[in-house]
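Any read-out appearing in this document is the output of simple, stated calculations on the displayed coordinates, not a laboratory observation. Being a predicted model, the structure only gives us computed values, none of them experimental. When we count neighbours, we look across all protein chains shown, and the Cβ atoms used for this are built from the backbone with ideal geometry, even at glycine.
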Amino acid sequence: MCQILDSTLREGEQTPGVYFTPEIKLLIAQYLDQIGIDIIEVGNPAVSPEICEAVTLVANAGLNAKIGAHSLCRIDHVQKALDCGIDFLGIFFSVAKHRLERDYQITIEKAIEQVVEVIRYAKAQKPNLLIRYTPEDTTRTSIEQVIEIASAAVQAGADIISIADTTGYATPFRSNRSYSYFVKTLKEKLAAQQLYPKIAVHCHNDRGLALANALDAYKAGADIIDVTVMGLGERTGIVDLATLLVNVMEMGESELRWDIKHLKELYHIVSKYSNTSIPPLLPIMGKNAFTHYAGVHVKAVAKDPMLYQSIDIASLTNTNNLALGMQSGRTSVELALKQIGQEKVINNQLSMSCILNQVKVLAKRGTSIDIDHEFPQIVNQCVLLENCE
Ligand code: HCA
Ligand code: CU
């Protein structure tokens, strides 16, 4: 069984322009909690007083999920996070050769010393705190270095080691760049030292492979998977929550674990307060995800939606929709007439031809026809014309 860590409030707030007030963060966290998310990462309290306030607010709201803060590998930042009353702390520090040499300008020995000191400090302050250590840019760090730092971090008190694909470099199709390689090797080498931390994965989408990498990691035995609503995050973001849930359910996770009916409202709220519209083609939660358009499709779907759908959770997460436009046929017009309560028009052949014709004329503008607002006008015109002839 894998756990889900949602980072909409931390990684998601690293989407350019996004800012959630502490109250909105609490609202989003409440929805995530109702869905059954295991860990909610709220932000780094040392970044701003508002984030500090948000972490404190969410950590003290009595949610079932573990509430976490993010922190640089510094004692002052860790202390600030601890003061917020958190259950989970994510400390990140890269030990990639290029980073140590070109940015931090310290040796690997010095880096290990710093990581060990900070983790020991956090554990001493709060022994039941769940500590995650992330060797940032893990997938571009030599595996030997990852094993060395992970082993030191776990011995210092880290409960979780996260494999972060910070730049979206991993791919399931290159063996030593794949998540399965990192997850399996890390588990195996640490177990040989009698160390058994949970392994988390944080997959960025720069190559469009975030979901594929997360599923590769899941198959290899990853214990925790990071997601955000809509895949929000730095650059091209990380794995989308709803898409991940649907896929891990197919790989053996029980669907009873999550109350997915709250996804719709959650996505609506995150979209509204992040000023980011939900992409219509986004799997599962996009407006088009369960919308059928072309005449042949609509005709078949009117008998059974599964004739042109392979996911049977539309009613819980999204709604089955009809789109009206150039590709529409008679069944679409019939369904649209039923939707607006004008089914009596269906039996009038001349009106039906007129309506279908007008739908196609209007569709040349290049956007679908709004069934509740525009379609009734087309119907009225055609019916009027018919009565006058
Ligand atoms: C960041 C980088 C990070 C950290 C992940 C982690 C990444 O924005 O700080 O701490 O587990 O992608 O490496 O999100
Ligand atoms: Cu990230």
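In region 282-368, a dipole from Cβ-located charges (positive for Lys and Arg, negative for Asp and Glu) runs towards its positive end, and of Gly366, Ile311, Ser328 it is Gly366 whose Cα lies farthest in that direction. Comparing Cα centroids, region 166-217 and region 261-333 end up 33 angstrom apart. Using C-alpha pairs under 8 Å with a sequence gap of at least 6, the mean separation divided by the residue count of the chain gives a relative contact order of 13 percent.
Relative intensity of region 131-213 on a log10 scale, I(q)/I(0) at q = 0.11, 0.20 Å⁻¹, equals -0.25, -0.81, per a Debye sum over C-alpha point scatterers of equal strength in the absence of solvent.
Here the peptides 228-236, 327-335, 358-366 are ranked by packing, the mean other Cβ count within 10 Å, and the order with the highest first is 228-236, 327-335, 358-366.
Looking only at region 52-88, which residues have a backbone nitrogen under 14 Å from a spot 7 Å from the Cα of Glu23 in the C-beta direction? The answer is 54, whose backbone nitrogens lie closer than 14 Å to the label point.
Think of region 3-274 as having a plus end and a minus end, set by charges on the Cβ of Lys, Arg, Asp and Glu; of Val248, Leu195, Gln3, Leu195 sits farthest toward the positive end of this dipole.
Where in region 132-147 is the amide nitrogen less than 13 Å from a point lying 7 Å along the Cα-to-Cβ axis of Lys97? Label zone hits: 140-146. Amide H contacts of His204 (H built 1.01 Å from N, in plane; Pro and chain starts excluded): Asp165, Gly168 sit under 5 Å, all sequence-distant by 5 or more or on other chains.
Among the listed pairs Lys66/Lys198; Lys97/Lys123; Lys66/Lys264; Lys219/Lys287; Lys97/Lys219; Lys299/Lys360, those with a Cα-Cα distance over 19 Å are Lys97/Lys123; Lys66/Lys264; Lys219/Lys287; Lys97/Lys219. With both labels modelled 7 Å from their Cα along Cα-to-Cβ, the Arg174 to Arg74 distance reads 3.3 nm. Checking the a/c ratio against 1.5 first, then a/b against b/c, what shape does the Cα gyration tensor give for region 3-274? It comes out oblate by the Cα gyration axes. Note: relative contact order over region 338-389, using C-alpha pairs below 8 Å and six or more positions apart, is 44 percent.
Relative to the Cα centre, the charge distribution of region 111-166, modelled as +1 at Lys and Arg Cβ and -1 at Asp and Glu Cβ, gives a dipole magnitude of about 300 debye.
Dipole magnitude for the chain: computed about the Cα centre from +1 point charges on Lys and Arg Cβ and -1 point charges on Asp and Glu Cβ, it is near 680 debye.
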